[in-house]
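The values are calculated or read from the model by the stated rules, or taken from the named source; none is laboratory data. Only a predicted model underlies this, so the values are computations on that prediction, with no experimental measurement involved. Reconstructed Cβ throughout: ideal geometry from the backbone, glycine too, with neighbour counts over all protein chains shown. Surface accessibility is based on the protein's heavy atoms, side chains included, excluding ligands, DNA and RNA. Shrake-Rupley method; radii C 1.70, N 1.55, O 1.52, S 1.80 Å.
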Amino acid sequence: MVSGNAACRRRTDCRLCGSEALSMVFALEPTPPANAFVTEAMKGRPQQSFPLDVFYCECCGHLQLLDVVDPRELFEDYVYVSGTSPVFVKHFEDYAAEVIDRFRPEPGGLVVDIGSNDGTLLSFFRRAGFRVLGIDPAREIAARATEAGIETRCGFFTAGVASTIRAERGPAAVVTANNVFAHIDDLGGVADGVRDLLAPAGVFVFEVSYLADVIEKTLFDTIYHEHLDYHAVRPLVGFLERHGLELIEAMRVPSHGGSLRAVAQLKGGDRPVGASVAEALAVEVAMGLERADTYRAFAGHINDLKNELAGLLLALKAEGKRIAGFGAPAKATTLMHHFGLGADFIDFIIDDSPLKQGLYTPGLHIPVLSSAAIAEHRPDYLLVLAWNFAPSIIAKNSAFRDVGGRFIVPLPKLEVV
């Protein structure tokens, strides 16, 4: 069940099991959509913000947002592309190689990527001789991927889309969904579509931010409106089974600060369930992921970090220091709003993506500039908002530190480098 308006509605049941036994365990500051950057002409206009209230399902243990922002608002004009990050290009190259080596999909078989973005992952499957097809709702990115040789259908993946693909191209040897399986309100419909699209020996491989890492590494800034779900293995096992799928691997990978790479097959498939599933379940029990109080304690820790960073920044500003941000990923929207990192602290933000340069951040409207602005404006400190890439950012900008610049890394613990 849902309530609300056209832009945002609140559901009243768990997205994975349908239970209405839901408890709000913490709330972050409301924000606009995390990638809702604005132009110079629009920066004077207020943007609508939506709740970031986090709920725990007392029935299956799933952690989730119940406020669902219209996905067209979030994804049709998406500005993030995988190919701009060398780290993610290498990640997807290794990912494709591992899937091919470990699960031996039929040579020349069909690989379908749900939320394929610019086609970076599919390009590696294509090089290995597979037929590939991307599905992505971002109009411009989908068009550019197709022009670059990775056929991409613009739209959202549904059971109907799955049926059409199977009728046109046959069953899929591999279906992937990376950093999108937490983005979809109707996860049951997607799971049904995957089940209907997979070949009998096919595998469904998806990566999501892993709840164990969110808690362990304080990745609270990965909580934003695109991410409706914060997945753990126990709720996923039951969810997949209810939709005719079986979880056979649950591997932790380092992307996005800590992710889960899950592999499923059709229920009753030939592959055995790997030891990684039981290992992940044991870790989750030890961490208390099955208790609502764990998440209430997490909220207290977040606020302690907020106060610590605010104290540092206030002291630096009192000394007349100039502070710029580095990195404008989606997670920075949550971090900046919840920690109060507005224009009174940050003069501008550096980001390497040309799609974001010249725009202003969601809600707070801080300008996003190219790295040339470091030498031009000479800030004293760079606050690393893309903190999960802090080592590579610091190494790449060693010239800034050589002339006396310092880096502030806000998470998972506050550091000044």
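Are any residues in region 4-55 polar (S, T, N, Q), outside any strand (DSSP E or B) and touching a helix residue (DSSP H, G or I) at 6+ places or on another chain (Cβ under 6 Å), and if so, which ones? If you could, list the steps in order and put the result at the bottom.
Kept after step one, since they are polar (S, T, N, Q), are these residues of region 4-55: 5, 12, 19, 23, 31, 35, 39, 47-49.
This time we only want the ones that are outside any strand (DSSP E or B), so: 5, 12, 19, 35, 39, 47-49.
The answer is Asn35, and nothing else.
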Inspect all residues belonging to region 360-383 and state whether any of them is open to solvent by less than 20 Å² (accessible area, probe 1.4 Å), of a type in the set (Ser, Thr, Tyr) and closer than 24 Å to Lys217 by Cβ.
yes
Members of region 25-46 found to be crowded, with 16+ Cβ neighbours inside 10 Å and polar (S, T, N, Q), listed by number:
Thr31, Asn35
What are the residue pairs meeting all of these: first residue in region 131-155, first residue in contact (Cβ under 8 Å) with a residue 60 or more places away in the chain and more than 11 Å from Gly119 (Cα to Cα), second residue assigned to a loop (DSSP other than H, G, I, E, B) and of a type in the set (Ser, Thr, Tyr), Cβ atoms under 8 Å, and 6 or more apart or on different chains?
Pro137/Tyr78; Ala138/Tyr78
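Here is a yes/no grid of residues against (1) in a loop (DSSP other than H, G, I, E, B); (2) small (Gly, Ala, Ser); (3) modelled with pLDDT of 95 or more:
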position: Asp77; (1), (2), (3): yes, no, no
position: Phe88; (1), (2), (3): no, no, no
position: His91; (1), (2), (3): no, no, no
position: Ser116; (1), (2), (3): yes, yes, yes
Is one or more of the residues making up region 246-257 in a helix (DSSP H, G or I), buried (at least 16 other Cβ atoms within 10 Å of the Cβ) and of a type in the set (A, V, I, L, M)?
no
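Quick check: anything in region 399-406 closer than 18 Å to Ala310 by Cα, modelled with pLDDT of 95 or more, aromatic (Phe, Trp, Tyr) and out of contact with any Asp or Glu (no Cβ under 6 Å at 6 or more places or on another chain)? Before you say what the answer is, go through the steps one by one.
Kept after step one, since they are closer than 18 Å to Ala310 by Cα, are these residues of region 399-406: 406.
From the residues that got through so far, the ones that are modelled with pLDDT of 95 or more too are 406.
Still in the running and aromatic (Phe, Trp, Tyr): none.
Checked region 399-406: no residue is closer than 18 Å to Ala310 by Cα, modelled with pLDDT of 95 or more, aromatic (Phe, Trp, Tyr) and out of contact with any Asp or Glu (no Cβ under 6 Å at 6 or more places or on another chain).
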In region 96-147, residues that are closer than 30 Å to Pro272 by Cβ and of a type in the set (Asp, Glu) total 4
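Out of region 90-101, which residues are within 19 Å of Ile248 (Cα to Cα) and either exposed (fewer than 12 other Cβ atoms within 10 Å of the Cβ) or aliphatic (A, V, I, L, M) (or both)? Reasoning before the result, please.
Taking region 90-101 first, the residues within 19 Å of Ile248 (Cα to Cα) are 95-101.
Result: Ala96, Ala97, Val99, Ile100, Asp101.
Residue-by-condition table, conditions (1) within 22 Å of Val203 (Cα to Cα); (2) touching a residue at least 24 places away in the same chain (Cβ under 8 Å); (3) in contact with a helix residue (DSSP H, G or I) (Cβ under 7 Å, 6 or more places away or on another chain):
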position: Ile100; (1), (2), (3): yes, yes, no
position: Arg104; (1), (2), (3): yes, no, no
position: Asn117; (1), (2), (3): yes, yes, yes
position: Thr158; (1), (2), (3): yes, yes, yes
position: Glu168; (1), (2), (3): yes, no, no
Can you tell me which residues in region 222-245 are modelled with pLDDT of 95 or more, under 30 Å from Leu341 (Cα atoms) and not in a loop (DSSP other than H, G, I, E, B)?
Asp229, Tyr230, His231
Top-ranked residue of region 384-393 - restricted to ones that are in contact (Cβ under 8 Å) with a residue 40 or more places away in the chain, among the aliphatic types (A, V, I, L, M) and not in a strand (DSSP E or B), ranked as surrounded by the most Cβ atoms within 10 Å (Cβ to Cβ)
Leu385
Residue selected from region 124-172 under the condition among the aromatic types (Phe, Trp, Tyr) and open to solvent by less than 50 Å² (accessible area, probe 1.4 Å), by the criterion farthest from Val194 (Cα to Cα)
Phe124
Consider Ile302 against the criteria (1) farther than 27 Å from Asp192 by Cα; (2) modelled with pLDDT under 95; (3) among the aliphatic types (A, V, I, L, M): it satisfies all of them except one. Which criterion is unmet?
(2)
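Test of understanding: among Pro46, Pro33, Pro51, which residue is on the phi < 0 side of the Ramachandran plot and at pLDDT 95 or above?
After applying the criteria, what remains is Pro51.
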Exactly one condition in (1) in contact with a Pro (Cβ under 8 Å, 6 or more places away or on another chain); (2) within 20 Å of Glu29 (Cα to Cα) is false for Gly202; which is it?
(2)
